[in-house]
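Take a look at the structure set out below.
The values are calculated or read from the model by the stated rules, or taken from the named source; none is laboratory data. Keep in mind the model is a prediction, meaning the values are calculated, not measured. Cβ: placed from backbone, ideal geometry, glycine included. Neighbour counts: every protein chain shown. Each accessible area value is taken on the protein alone, full model and side chains, heavy atoms only, with ligands, DNA and RNA left out. Shrake-Rupley method; radii C 1.70, N 1.55, O 1.52, S 1.80 Å.
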Amino acid sequence: MTFNRRNDRNTENSEFEEKLINVNRTAKTYQGGRRFRFAALVILGDRNGRVGMGIGKAKEVPVAIEKAKSVARKNMITVPVENGTIPHEIVGVSTTSRVLLKPASAGTGVIAGTVPRSIAELAGITNLLSKELGSRNQINVAYAVFDGFKNLRTVKQVRALRGTPAQAAQTAQSEGAAQ
């Protein structure tokens, strides 16, 4: 039994890499015995700033993974990557999980737990420091990392939000340096 009934789609030549993070098994007891269901957490990324996360639930593991992949494709975000790292320090929050994400200098590598490392690598981040705070539930940590990545802003984005043109900011800096 497959989740995708349309055979004209070719998922083998996808532009995204995928990584299965977690498979949860739940059981419900019926009169005839236990029935199992599975939930799969999948991360998709192109290693070029785009990354997505999805959770799929089904009675069989492969079907749950396929559902999670399709949800991840729908929930893609763009992460601002500057020189292989993130532009600034940020804390992502989801329920009781918090994840501290810090930019790192070139050559540091990704120093992080399993889930933040997987997400960062598939997003194309090569240098990052992170610390999981609070609950270390893998699903909540993944949501917290995505919250942090969604809230990242580049210098250009902040200047645009504040309404200060880039040229005025540069002349102000050069005047301050001249004095």
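So the values come out like this:
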| item | result |
| --- | --- |
| Accessible surface of the stretch 1-149, 1.4 Å probe, proportion on carbon and sulfur as whole % | 46 percent |
| Exceeding the 24 Å Cα-Cα cut-off - candidates Lys28/Lys74; Lys69/Lys156; Lys28/Lys131; Lys102/Lys156; Lys131/Lys156; Lys19/Lys131 | Lys28/Lys74; Lys69/Lys156; Lys28/Lys131; Lys131/Lys156 |
| Rounded to the nearest 10 Å², the accessible area of Met76 at probe 1.4 Å | 40 Å² |
| Rounded to whole Å, sorted largest first: equivalent-ellipsoid semi-axes of the stretch 1-160, Cα gyration tensor | 31, 19, 12 |
| Highest to lowest packing among 153-160, 40-47, 58-65, scored as the average C-beta count within 10 Å | 40-47, 58-65, 153-160 |
